[in-house]
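What follows is one structure encoded as structure tokens, with my remarks underneath.
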Amino acid sequence: MISQVDTRPARGGVGESTYRPDGIPKVDGTYTYSSDLYMDKMLFGVTLRCPHPKATIIKLDIGPAVAMTGVHAVLTAADIPGENLFGLETPDQPILVGDQVEYEGQAVALVAADDPEIARRAVEAIEVEYQVQTPLTDPEAAEETDSVFHRVRCRRGPQDARGAVVVEGYYEVGMQDQAPLGTESGLAVPDGEGGVDLHIATQWTHTDRDQIVAGLGVADEAVRVHHAGVGGAFGAREDVSLQIHLCLLALYTDRPVKMEYSRAESFVGHVHRHPALIWMRHEADPDGTLRRIEAKIILDGGAYRSTSDSVIGNAVYHAAGPYRCDSVAVDGIAVRTNNPPCGAMRGFGAVQACFGHEAQMDKLADALGMDRIDFRIKNAVRQGDPLATSGQIIETSAPVVDLLERVRAMPLPTDLTGEDPRHLPGGTGLTTSLAEVSRGVGYAIGIKNLCFSAGFDDYAEARVVITPFGVEVHTAAVEVGQGLGEVCAQIARTALGIEDVVVFYDDTSQIGSAGSTSASRQTQMTGGAVLEAARMVRELALHRGGGDELDSEGVWRKGRLVTTMEDLLAHGNLEYHTRFHHPPTDQPDENGLGNLHVDWGFAVHRAVVDVDAELGLFRVVQVDTVQDVGYMINPRSVVGQIEGGTVQGIGLATLEEIVVKNGIIQNPTFTDYLLPTFLDAPPINVEVVEEPSAFGPFGAKGVGEPPTVSSTAAVVSAIRDATGLELNRTPVRPEHVALPGSPI
């Protein structure tokens, strides 16, 4: 209980490495994820999916499934009461296919049954005949036939500018999966009055709600979306997957319905990182000054739009990287194919662009005979410089030069001795002599916009309540494992001087949107809302106690407010609800110029890699990174995010790719889609630079995406350094580095 609202520092405030309240439950297995939800008399839902990437349904007979004992519902497109469309930015994808299938795994029908096995058998009993068609799977062919979602054009500065030294390159980025360890799952519970409560692992409860009510044809208040335990996200849970399906089944049967995807179903049931084809040309003066940057970026958006417009926009506006250049021409195209749909993934758009521009910077430095770090420092953007693509002046912090100097000063690992075979690229399973192993060092630096940009009205709501027993923080923001809840609690503790803070994740009927847990925005946006609400509720406490006047004991002079527990019990809780907006941004003009972004994060990576060219193997020995973080509200959480994002980037560099052939995913399991394990994760040395952001709480910046942006490029750069090969594609495969005649 509290006796007063006190502005003196409270334990567990900003700047402390506090312990997460969900940490121990997640480690010991007692944490409740969405897949653990249970309700008496609940049914189990399963989805019938098309096995073809492009086809027309010519027969759909659900009769055999309906007749099965234990089956309570078999739904098709004809059973959807509202609009049979959904989509995160544009509603263009059918909830259930009526006739035309556009990608492998698209949902055709739904079944609800007494147990999962009956539901699966019922799905298998549905009779479907398809007229299979030839899919469009080549993104360049899609561009040629104008099968395009969105085009972005950027032209800045004199277009006839030229440099004496020129390098070009073609680059390719494979399709990466977010690979959350928890598959899509949730529980829908009808309320008996035509409404439904959905408990779901998601990233944005309110946009889920909006798409659900459109499909159900009901009012907003009839659907309440609750934040359930999330087993990883990284962008995979921004788009609707089973949300509408669950609610349809629950309302049709008037029973609670649970769904949980298998791993293979998860691979076709959510969006992925856009694969990219990139061409870049860089020109510089002999002294190393960048004069001209040209690029063309093609992203394969797959069958439906999702966030392709935003991702290609990000790729274009990050195509020049964190460098100064006054002559830029970039074209970006997000194409529509019959490949799996793609959408947001950590660092969306900037990851693909960074792989290209950092390879080009290495090439150009080598062509100029300059040290690669010195070349980057010479051209690095500083605070007050215009962004090379949009021309926006960077008024917030931009410590790019400091990051580069710091990473260069970090110690390199000791030389490989070969005394322990576990330190060789093949480990104890595939070994070679030390003489066949070469070491490379690579650098990369990335830039990532923070929060939503380009004129989007980005806001977050929060409510802070002082009760006799402590402080409540209410938000609809989704905690996906990054530590947002503890950040909100730390902000409230510091603003109010009260240690007892509990964060409540309210459903969509109790509070307005906090926006998506994506774009590295929640610390700045929801954190900013919590800080604003906490400061205002503190003012309410002050005014209840007599405003600015001192009491007889000079309580205000001592830095204390005069709200007591007895006062709260007598007169009620103190509460303040706010909607926090970040500073406005512009939509781009016809040349792609304008004040498009509100803030940026920067990170630099140095990777050390050993390569065994005889066997086509490589091992990431060490990664060093320095990141611009604004201010660390929770240092332990910040370092954890940087380490996790770096390993995810290592995965894209060395292992992770969804292999798609003729529109069909070839490796939809963790047996074939390879993720970095503890054995693949190298020592990661982290330093941070704290220069306050323009608007984040206490100067904090979002930190989740920048480490993924530049880590992939740094690792591939190191492999190039070790082998002397161009390696213009990621992930790097064994056959890309193996010597001719090697046994692989």
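The values are calculated or read from the model by the stated rules, or taken from the named source; none is laboratory data. Small disclaimer: the values here were computed from a predicted structure and weren't measured. Using ideal geometry, Cβ is built from the backbone for each residue, glycine included, and neighbour counts are taken over all protein chains shown. Keep in mind that these areas ignore ligands, DNA and RNA; they rest on the heavy atoms of the full protein, side chains included. Shrake-Rupley method; radii C 1.70, N 1.55, O 1.52, S 1.80 Å.
Only one of these conditions is not met by P588: (1) of a type outside the set (K, R); (2) in contact with a strand residue (DSSP E or B) (Cβ under 7 Å, 6 or more places away or on another chain); (3) within 26 Å of E705 (Cα to Cα); (4) at pLDDT 95 or above. Which number is it?
Only one criterion is unmet by P588, namely (2).
Hey, could you check the stretch 435-486 for residues that are open to solvent by 10 Å² or more (accessible area, probe 1.4 Å) and of a type in the set (A, V, I, L, M) and say which is modelled with the highest pLDDT?
V441
With respect to the numbered conditions (1) in contact with a strand residue (DSSP E or B) (Cβ under 6 Å, 6 or more places away or on another chain); (2) part of a loop (DSSP other than H, G, I, E, B); (3) on the phi < 0 side of the Ramachandran plot, which one is the sole condition not fulfilled by G82?
(1)
Could you figure out which of (1) open to solvent by 60 Å² or more (accessible area, probe 1.4 Å); (2) not in a loop (DSSP other than H, G, I, E, B) isn't true of Y38?
Here Y38 meets the rest and fails (2).
This table checks each residue for (1) more than 29 Å from the chain's Cα centre (by Cα); (2) of a type in the set (V, I, T).
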{"site": "A353", "(1), (2)": "no, no"}
{"site": "A365", "(1), (2)": "yes, no"}
{"site": "R382", "(1), (2)": "no, no"}
{"site": "E395", "(1), (2)": "no, no"}
{"site": "D420", "(1), (2)": "yes, no"}
{"site": "L434", "(1), (2)": "yes, no"}
{"site": "V437", "(1), (2)": "yes, yes"}
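With respect to G232, is the statement that it is modelled with pLDDT under 95 and open to solvent by less than 20 Å² (accessible area, probe 1.4 Å) true? Please lay out each step first, then the result.
Working: modelled with pLDDT under 95: yes; open to solvent by less than 20 Å² (accessible area, probe 1.4 Å): yes.
Considered against the rule, which asks whether it is modelled with pLDDT under 95 and open to solvent by less than 20 Å² (accessible area, probe 1.4 Å), G232 comes out as yes.
Which count do you get for residues in the stretch 242-264 that are more than 15 Å from L37 (Cα to Cα), among the charged types (D, E, K, R) and under 28 Å from the mean Cα position of the chain (by Cα)?
Selection size over the stretch 242-264: 1.
Among the residues of the stretch 410-426, count how many are touching an Asp or Glu at 6+ places or on another chain (Cβ under 8 Å), open to solvent by less than 40 Å² (accessible area, probe 1.4 Å) and modelled with pLDDT under 85.
Result for the stretch 410-426: 2.
Tell me the strands (runs of 3 or more DSSP E) entirely within the stretch 92-163 that contain at least 3 residues that are at pLDDT 95 or above and either surrounded by 15 or more Cβ atoms within 10 Å (Cβ to Cβ) or in contact with a Pro (Cβ under 6 Å, 6 or more places away or on another chain) (or both).
Because the criterion is at least 3 residues that are at pLDDT 95 or above and either surrounded by 15 or more Cβ atoms within 10 Å (Cβ to Cβ) or in contact with a Pro (Cβ under 6 Å, 6 or more places away or on another chain) (or both), the strands (runs of 3 or more DSSP E) in the stretch 92-163 that meet it are 107-113, 148-156.
For a quick check of your reading of the model, give me the residue pairs whose first member lies in the stretch 384-405 and is closer than 18 Å to G313 by Cα, whose second is open to solvent by less than 10 Å² (accessible area, probe 1.4 Å) and of a type in the set (G, A, S), with beta-carbon atoms closer than 7 Å and at least 6 apart or on different chains.
A388/A320; T389/A319; T389/A320; T389/G592; S390/G592
Tell me which of these C247 doesn't satisfy, since it passes every other one: (1) under 18 Å from V271 (Cβ atoms); (2) outside any loop (DSSP other than H, G, I, E, B).
(1)
Enumerate the pairs (first residue in the stretch 163-189 and in contact (Cβ under 8 Å) with a residue 40 or more places away in the chain; second residue anywhere and of a type in the set (S, T, Y) and part of a strand (DSSP E or B)) with beta-carbon separation below 6 Å, excluding pairs fewer than 6 apart on the same chain, so at least 6 apart or on different chains.
V173/T730
Can you pull out the residues in the stretch 667-708 that are assigned to a loop (DSSP other than H, G, I, E, B), surrounded by 19 or more Cβ atoms within 10 Å (Cβ to Cβ) and of a type in the set (S, T, N, Q)?
Scanning the stretch 667-708 gives a single hit, S693.
Which residue is nearest to the chain's Cα centre (by Cα), if the candidates are limited to the stretch 57-81 and must be open to solvent by less than 30 Å² (accessible area, probe 1.4 Å) and not hydrophobic (A, V, I, L, M, F, W, C)? Lay out the reasoning, then the answer.
Applying the first criterion (open to solvent by less than 30 Å² (accessible area, probe 1.4 Å)) to the stretch 57-81 yields 57, 65, 70-71, 73-77, 80.
Those left that are additionally not hydrophobic (A, V, I, L, M, F, W, C): 70, 76.
Working: G70: 40, T76: 32 Å.
Filtering first and then ranking leaves T76.
Quick check on the stretch 609-646: of everything there that is part of a loop (DSSP other than H, G, I, E, B) and at pLDDT 95 or above, which residue is surrounded by the fewest Cβ atoms within 10 Å (Cβ to Cβ)?
Among those that are part of a loop (DSSP other than H, G, I, E, B) and at pLDDT 95 or above, it is Y631.
Of the numbered conditions (1) touching a residue at least 40 places away in the same chain (Cβ under 8 Å); (2) more than 22 Å from D371 (Cα to Cα), P421 fails exactly one; give the number of that condition.
(1)
If you scan the stretch 272-293, which residues turn out to be within 21 Å of the chain's Cα centre (by Cα), open to solvent by less than 10 Å² (accessible area, probe 1.4 Å) and more than 13 Å from A353 (Cβ to Cβ)?
H272 - this is the single residue of the stretch 272-293 that is within 21 Å of the chain's Cα centre (by Cα), open to solvent by less than 10 Å² (accessible area, probe 1.4 Å) and more than 13 Å from A353 (Cβ to Cβ).
Take P25 and decide whether it is modelled with pLDDT under 95 and exposed (fewer than 14 other Cβ atoms within 10 Å of the Cβ). Break it down stepwise before answering.
Values: modelled with pLDDT under 95: yes; exposed (fewer than 14 other Cβ atoms within 10 Å of the Cβ): yes.
Here the answer is yes, as P25 does meet what is asked.
If you go through the stretch 308-337, how many residues are in a loop (DSSP other than H, G, I, E, B) and either on the phi > 0 side of the Ramachandran plot or open to solvent by 10 Å² or more (accessible area, probe 1.4 Å) (or both)? If you could, list the steps in order and put the result at the bottom.
Of all residues in the stretch 308-337, those in a loop (DSSP other than H, G, I, E, B) come to 318-322, 324-327, 336-337.
Now drop any that are not either on the phi > 0 side of the Ramachandran plot or open to solvent by 10 Å² or more (accessible area, probe 1.4 Å) (or both), which leaves 321, 324, 326, 336.
Of the residues in that region, 4 qualify.
From I212, I200, which residue is modelled with pLDDT of 95 or more, among the β-branched types (V, I, T), open to solvent by less than 10 Å² (accessible area, probe 1.4 Å) and out of contact with any Lys or Arg (no Cβ under 9 Å at 6 or more places or on another chain)?
On the way: I200 fails: out of contact with any Lys or Arg (no Cβ under 9 Å at 6 or more places or on another chain).
None of the others qualify; the one that does is I212.
Does the stretch 243-266 contain any residue that is more than 27 Å from D40 (Cα to Cα) and at pLDDT 95 or above?
Checked the stretch 243-266: at least one residue is more than 27 Å from D40 (Cα to Cα) and at pLDDT 95 or above.
Given the conditions (1) among the hydrophobic types (A, V, I, L, M, F, W, C); (2) open to solvent by 40 Å² or more (accessible area, probe 1.4 Å); (3) within 27 Å of P53 (Cβ to Cβ), and given that V218 satisfies all but one, which numbered condition is not satisfied?
Condition (3) is where V218 drops out.
Confirm whether E238 is surrounded by 24 or more Cβ atoms within 10 Å (Cβ to Cβ) and assigned to a loop (DSSP other than H, G, I, E, B).
yes
Restricting to the stretch 502-540, what's the tally of residues that are open to solvent by less than 20 Å² (accessible area, probe 1.4 Å), over 21 Å from the mean Cα position of the chain (by Cα) and more than 30 Å from A222 (Cβ to Cβ)?
3
Which residues, counting only those in the stretch 387-434, are acidic (D, E) and within 30 Å of E691 (Cβ to Cβ)?
E395, D402, E405 - these are the residues of the stretch 387-434 that are acidic (D, E) and within 30 Å of E691 (Cβ to Cβ).
Mind listing whichever residues of the stretch 259-278 are out of contact with any helix residue (DSSP H, G or I) (no Cβ under 8 Å at 6 or more places or on another chain) and either over 30 Å from L75 (Cβ atoms) or assigned to a strand (DSSP E or B) (or both)?
Answer for the stretch 259-278, where residues must be out of contact with any helix residue (DSSP H, G or I) (no Cβ under 8 Å at 6 or more places or on another chain) and either over 30 Å from L75 (Cβ atoms) or assigned to a strand (DSSP E or B) (or both): just H272.
Which residues, taken from the stretch 375-409, are of a type outside the set (S, T, N, Q), out of contact with any Gly (no Cβ under 8 Å at 6 or more places or on another chain) and loosely packed, with under 14 Cβ neighbours inside 10 Å?
R382, G384, A409
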